[in-house]
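Undergrad: Quick one: the structure is below, and I'll ask about it shortly.
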Amino acid sequence: MEFIQKLVYKYDCEYVEQYKKNWTKAKLCSKDDLLSVAEDLLKEGVRSLSTVSPTDFVDENIMEINYFFEDFKTKRNLWLKVDLPREEKECEIESLTPLFPSAEWHEREAYSMFGVRFLNHPDLRDIIKSEDFAGIYPFRKDFDWLEHEKNTVANVQQIVDAFKKEQEENEIDLDTDSSETILNWGPTHPASGPIRLRVHCDGEEIISIDPDIGYVWRALEHLVTQKDFIGAIVSVERLCFMDNINSMTGYAMAVEEIAGVEITPFASWMRVLLGETARISSHFMGLGMFFNNMGLHTLAMWNMDTREFFLDFLESYSGARIATASIEPGGIRYGLDMTMFDELQKALDKFDGNIDEVEAIFVKNPTMKLRANDVGILTADEVHKFGLSGIVARASGVETDIRIDEPYAAYGELDLEYITQKRGSSKDRFEMIFRELKQSVKIIKQAKAHIEKAVEAGEMNPTKDHMVKVPKKLPKGEAISRVEWARGEVLMHLVTDEKAKSPYRLKMRAPSFNHTMMLDYLLKGQTLSDIPLIFGSLYICQGDLDR
Amino acid sequence: MSELLFQSFIFPGLFYVLLWTVGLYWFFRKFMAALHKRVGPSFNGKAGSYQTLFDLSKLLTKESITPDGVNPYLFSIMPLLALIFAMLPSAFIPWMDGFVVVDSNYGLLALVVLIGIEPFLLFLTGFGSNNKYSFLGGIRVLTQAISMETAFLLASFSPALLFSTMNLTAIVEQSSWFSFLVLLPGFIIYFIALLGLLEQPPFNIPDAEQEIVYGFYTEYSGTNFFLLQVAMFAEFMAIFAGGTVLFLGAYKGLFFDSYFFFFMKMLGIAVVMMTLRAATPRITLTQMLRFSWQYLVPIALVNIAWVLFAKSLWFIGA
Amino acid sequence: MIILDILKRTLRVAKALTTKSPADRDVRFEAMHHPSRYRGEHRVDYETCIGCDSCNKICPTHAITMKHLPFKKQNIVPEVNLSVCIFCGLCEDVCPTKPEKSIILSGGRYDMLSGGWHEDQDDFWVHVDIPQSYIDSRLEEEEAARVKKELAAKKKAAEAEAKKRAEAGEEPKEAQTGLPDFNKGVEG
């Protein structure tokens, strides 16, 4: 920590303070110092930039930008803030992309949504939002959504015109005598989900890939500001509703920090149990998706068989199978009836009965090894440079797991260890998902035994201990929270106003954003058959890609 | 004349092929479902037996959309030609004892040539649709067919070498348990090559849904698609029947000879193919080419040497 | 050798033929799993609803519309638009009625089917059908309560009037008999 604080003290700062165990929070006085701070950080060994997030303070006429620098090796992190003037013509700052390549798409998103211009950015285009928002910035506080939605027909016409213009360029600008062409590996493709990749290929060999995202854009970060703190969980859980519980946990932790509320031990342990159940539900689908993209559907079907029993437990507890809305600020939403653990035990028994078959047939499959062992290799250095996290990072040998680095919600009392693989190919990422699945089941068994013991001994009351009252109006403040989501690291940054009934700004940093950025890098020179393979192994979900 | 009409329209002609399509499609779906721990079609008819009939006849009622800019001859006439060429080999196959539509001394050659023309017709369908994905699919079909055809040819000529005749009824009459054992390596090579010709896993590269949308089937809908599907199943029938006749002794059964055993043997090959389909993912085009030319064709040549050696030992005078 | 590996795995996959699939029911008619907390179709109880408007305020998608009834107090009940509702259950959590809440999703119907035409989609709501007898009885109650209140108010006003007069003057009250005062004006 001292390195970072000494480093930042060299420049003019409004304040520098310690925030939680691993973070330093600082605010620069002048935006021209940003590049020098970044260069000094690189020399110190802090190589990853998690995200770039502007906050629009319309009353004070200031746009505040937050930078989150992370170091996976020594766990020293820096939260840096800079103020910018708010008018569109003056709202500009130096881009960090030449020094930190992971900032490329995050700066594009800040530009598209807030209008902050980044000088010397290699490719500053619109991202996520559709073409009818060209030139206007929807997340600014003075943007009128209702007015924009009134002329729907003109908006749709704008989108169609932009698409047709792009198709004309594709067909005409390329040399028609050669075999080069641009394919739309597109939104209505059996293996892609709602994302479009513009594949520039020569016969079957790929020259470059340009992803076009935003087909599932629901503007969740804006919707959250329209609801109160309890109602916002239904927006936060739709980050990707396969693993909805961990993202709700991150949001609830940020609200509890601002309100100054501590949750009961029973709620902490239940958050662990429910979070691991949701992670299992997501991993089952990820395993099946990898093999689906190679043409074998048996694994997906067998996984669905076991997954249904875990969803039965979630349905008995919360009333819904997938979008459960069961974590609220202050604890968990419903009390627990101990008979529900019988259903959980049935699911665990079925899992133990099936997992050896799955491992022998699919994880050690020779044809899959033939296809996936040499494709899509990511080294540990690239993980640091591009800010990857979760399974993709651990499969390349980097030891980073938020459940162990910054423990939250009773993870500090479990015995966990890092699980890593060495090479970082697609096959290693597939094996990582599988090993994490087994680790999650071990954690569930530990948590279940602990809760049962504590309830019998009378220390926890499952029907009354689940919720602590959180005040309806929160004071002014801000907080960040990080959770280990199924697909990577989710960082939530919450800002509240004085006597606030709803959040002022909630930034959700999604891991799939950085992973999709890597597609162009990984697929240069490969063939068309490798696109679904690598795409499936990076464990991307379009829900959190677009938010 | 009436006999010719019966043979071309009822058995082993059009009606037989349609019945075979509906029945085999239902069997495939139920068998795959059992392997996947699912149930499969179960609502229409007892255990879903009418389901595939409804599905295929629904295709006839849908609109056959012809996209802009296609080559009209290649797009619309090719499916019909593909179906006719796929149904022709069944005229050369001895279905029952003493029943064969065309008894010629070059039956085997006709079978192999007619089966080998199919992929070219399918490539032309892909070429004629005005679509990049169909074109890629067509090229993949051609590449795969050329590689697998060589091994297929070499493997299917080994019974002809053993029995010194290309007449299919003569081959069936002379086959026995012992000749089956001698021809076993040839049968295994024939099976692997048939996976390649019929585009089944692990060689389902031209029909790779996840990579090139649907290959050369992409632009087809309605009656055109129905014709292509029936052509695919007719090809199944031709190749399975060819394998049964050449290696497994056609209608020869345990205590008596009948068509029932022929059908059971064809179904046996289908079951093995389906189980393999549920257990193997797909391989890429370059890996398939390497496998075919570096391993399969040399082994087929070695097999021919073995068959000639066995003939000189045990089958003199055949 | 790779071919032997593939064959071994094929045989293991074929073992799945021996297990029976757990899908043995026609779920159009009976559900596989229907716990008591399942968030299904809403059931609104108009008799216990106190009209506090909390469910409307907390609904994240504004799916609840309040229906006005011709009463003075407790005169709104919720109606839910099922095309917009996301079945989060927050309206049930926040309802203050005891012992049973007035809007319940738990254990509700899972087969909410509308008709297939466009007109059916416009009417995909949970409506509250209040019989005329209930409206009449509530109106009567209100009328009776109003009349009672008026009488009680009048009585109270009369008592207050009498009390005021008793405090204001110590003169003997002849006015009780209603006859004039014969003794007045006789002095002299």
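The values are calculated or read from the model by the stated rules, or taken from the named source; none is laboratory data. Fair warning: this is a prediction, and the values are worked out from it, not measured in the lab. Reconstructed Cβ throughout: ideal geometry from the backbone, glycine too, with neighbour counts over all protein chains shown.
Undergrad: Quick one: residue A:84 ticks every box in (1) in contact (Cβ under 8 Å) with a residue 12 or more places away in the chain; (2) assigned to a helix (DSSP H, G or I) except a single one, so which number is it?
TA: The number of the failed condition is (2).
Undergrad: Would you please name the residue that is farthest from residue A:373 (Cα to Cα), looking only at residues in segment A:385-421 that are in a loop (DSSP other than H, G, I, E, B) and among the hydroxyl-bearing types (Ser, Thr, Tyr)?
TA: My answer is A:408.
Undergrad: From B:184, B:168, which residue is touching a helix residue (DSSP H, G or I) at 6+ places or on another chain (Cβ under 7 Å), at negative phi and hydrophobic (A, V, I, L, M, F, W, C)?
TA: On inspection, the qualifying residue turns out to be B:168.
Undergrad: Where in segment C:71-188 are there helices (runs of 4 or more DSSP H), lying fully within it, with 2 or more residues that are modelled with pLDDT of 85 or more and closer than 16 Å to residue C:45 by Cβ?
TA: Passing ranges, in order: C:90-94.
Undergrad: Let me ask another. Test residue A:306 against the stated conditions and say whether it is polar (S, T, N, Q), within 14 Å of chain B (Cβ to nearest Cβ) and either crowded, with 24+ Cβ neighbours inside 10 Å or touching a residue at least 12 places away in the same chain (Cβ under 8 Å) (or both).
TA: yes
Undergrad: Residue B:83 fails exactly one of the following numbered conditions: (1) away from every other protein chain (no Cβ under 14 Å); (2) over 30 Å from residue B:132 (Cβ atoms); (3) of a type in the set (A, V, I, L, M). What is the number of that condition?
TA: Looking at each condition in turn, residue B:83 falls short on (2).
Undergrad: Of all residues in segment B:164-173, which are under 24 Å from the mean Cα position of the chain (by Cα) and not β-branched (Val, Ile, Thr)?
TA: Within segment B:164-173, B:166, B:167, B:168, B:170, B:173 qualify.
Undergrad: Is one or more of the residues making up segment A:162-182 within 14 Å of chain B (Cβ to nearest Cβ), more than 17 Å from residue A:134 (Cα to Cα) and buried (at least 17 other Cβ atoms within 10 Å of the Cβ)?
TA: yes
Undergrad: Can you tell me which residue in segment B:20-47 is nearest to residue C:25 (Cα to Cα), limited to those that are out of contact with any Asp or Glu (no Cβ under 9 Å at 6 or more places or on another chain) and of a type in the set (Phe, Trp, Tyr)?
TA: If we take residues in segment B:20-47 being out of contact with any Asp or Glu (no Cβ under 9 Å at 6 or more places or on another chain) and of a type in the set (Phe, Trp, Tyr), then B:31 is nearest to residue C:25 (Cα to Cα).
Undergrad: Taking residue A:64 as meeting all but one of (1) free of Cβ contacts under 8 Å to residues at least 60 places away in the same chain; (2) in contact with a helix residue (DSSP H, G or I) (Cβ under 8 Å, 6 or more places away or on another chain); (3) in a strand (DSSP E or B); (4) surrounded by fewer than 22 Cβ atoms within 10 Å (Cβ to Cβ), write down the number of the exception.
TA: (2)
Undergrad: Can you tell me which residue in segment A:199-223 is farthest from the other protein chains (Cβ to nearest Cβ), limited to those that are among the charged types (D, E, K, R) and touching a residue at least 24 places away in the same chain (Cβ under 8 Å)?
TA: Checked segment A:199-223; the qualifying residue farthest from the other protein chains (Cβ to nearest Cβ) is A:210.
Undergrad: For segment B:280-290, enumerate the residues that are in a loop (DSSP other than H, G, I, E, B) and touching a Phe, Trp or Tyr at 6+ places or on another chain (Cβ under 9 Å).
TA: Result: B:281, B:282, B:283.
Undergrad: A follow-up question, please. Enumerate the pairs (first residue in segment C:93-117 and of a type in the set (Gly, Ala, Ser); second residue anywhere and modelled with pLDDT under 80) with beta-carbon separation below 7 Å, excluding pairs fewer than 6 apart on the same chain, so at least 6 apart or on different chains.
TA: C:114/C:120; C:114/C:121
Undergrad: A follow-up question, please. Give me the residue from segment A:327-344 that is touching a residue at least 24 places away in the same chain (Cβ under 8 Å) and assigned to a helix (DSSP H, G or I) and, out of that set, nearest to residue C:22 (Cα to Cα).
TA: Looking at residues that are touching a residue at least 24 places away in the same chain (Cβ under 8 Å) and assigned to a helix (DSSP H, G or I), I get A:343.
Undergrad: Tally up the residues in segment B:126-153 that are polar (S, T, N, Q), modelled with pLDDT under 85 and assigned to a helix (DSSP H, G or I), please.
TA: Matching residues across segment B:126-153 total 1.
Undergrad: Can you give me the number of residues within segment B:248-293 that are within 14 Å of chain A (Cβ to nearest Cβ), free of Cβ contacts under 8 Å to residues at least 60 places away in the same chain and surrounded by fewer than 21 Cβ atoms within 10 Å (Cβ to Cβ)?
TA: 4
Undergrad: State whether one or more residues within segment C:68-83 are among the hydrophobic types (A, V, I, L, M, F, W, C), out of contact with any Ser or Thr (no Cβ under 9 Å at 6 or more places or on another chain) and within 14 Å of chain A (Cβ to nearest Cβ).
TA: For segment C:68-83, residues among the hydrophobic types (A, V, I, L, M, F, W, C), out of contact with any Ser or Thr (no Cβ under 9 Å at 6 or more places or on another chain) and within 14 Å of chain A (Cβ to nearest Cβ): absent.
Conditions (1) touching a residue at least 40 places away in the same chain (Cβ under 8 Å); (2) farther than 24 Å from residue A:74 by Cβ; (3) touching a helix residue (DSSP H, G or I) at 6+ places or on another chain (Cβ under 6 Å), marked per residue:
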residue: A:388; (1), (2), (3): yes, no, yes
residue: A:416; (1), (2), (3): no, no, yes
residue: A:420; (1), (2), (3): no, no, yes
residue: A:476; (1), (2), (3): no, yes, no
residue: A:481; (1), (2), (3): yes, no, yes
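Yes/no matrix, rows are residues, columns are (1) modelled with pLDDT of 90 or more; (2) closer than 21 Å to residue B:27 by Cα; (3) in contact with a Lys or Arg (Cβ under 7 Å, 6 or more places away or on another chain); (4) among the small types (Gly, Ala, Ser):
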residue	(1), (2), (3), (4)
B:201	no, yes, yes, no
B:211	no, no, no, no
B:222	no, no, yes, yes
B:257	no, no, no, no
B:277	no, yes, no, no
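Undergrad: Among the candidates B:85, B:123, which residue alone is more than 27 Å from residue B:258 (Cβ to Cβ), assigned to a helix (DSSP H, G or I) and more than 15 Å from the chain's Cα centre (by Cα)?
TA: Testing whether each residue is more than 27 Å from residue B:258 (Cβ to Cβ), assigned to a helix (DSSP H, G or I) and more than 15 Å from the chain's Cα centre (by Cα) leaves just B:123.
Undergrad: Looking at segment C:1-27, which of its residues are of a type in the set (Asp, Glu) and not in a loop (DSSP other than H, G, I, E, B)?
TA: Hit for segment C:1-27 is C:5, nothing else.
Undergrad: Here's another thing I want to ask about it. Of the residues in segment B:73-87, how many are touching a residue at least 40 places away in the same chain (Cβ under 8 Å) and surrounded by fewer than 19 Cβ atoms within 10 Å (Cβ to Cβ)?
TA: The qualifying residues number 5.
Undergrad: Testing residue C:51 on (1) surrounded by 15 or more Cβ atoms within 10 Å (Cβ to Cβ); (2) more than 11 Å from chain A (Cβ to nearest Cβ); (3) not in a loop (DSSP other than H, G, I, E, B), one condition comes back false. Which one is that?
TA: Unmet for residue C:51, out of (1) surrounded by 15 or more Cβ atoms within 10 Å (Cβ to Cβ); (2) more than 11 Å from chain A (Cβ to nearest Cβ); (3) not in a loop (DSSP other than H, G, I, E, B): (3).
Undergrad: Something else: Every residue in segment C:1-40 that is of a type in the set (D, E, K, R) and at the interface with another protein chain (Cβ under 7 Å from one of its Cβ atoms), please.
TA: Listed by number, the residues that qualify are C:5, C:9, C:12, C:37, C:39.
Undergrad: Right, here's the next one. Among the residues of segment A:132-153, is there at least one that is part of a loop (DSSP other than H, G, I, E, B), aromatic (Phe, Trp, Tyr) and surrounded by fewer than 18 Cβ atoms within 10 Å (Cβ to Cβ)?
TA: yes
Undergrad: Right, next: Could you check, for segment A:502-516, whether at least one of its residues is of a type in the set (Phe, Trp, Tyr) and more than 14 Å from chain B (Cβ to nearest Cβ)?
TA: yes
Undergrad: Suppose we filter segment A:349-370 for residues that are touching a helix residue (DSSP H, G or I) at 6+ places or on another chain (Cβ under 8 Å) and within 12 Å of chain C (Cβ to nearest Cβ); how many remain?
TA: 15
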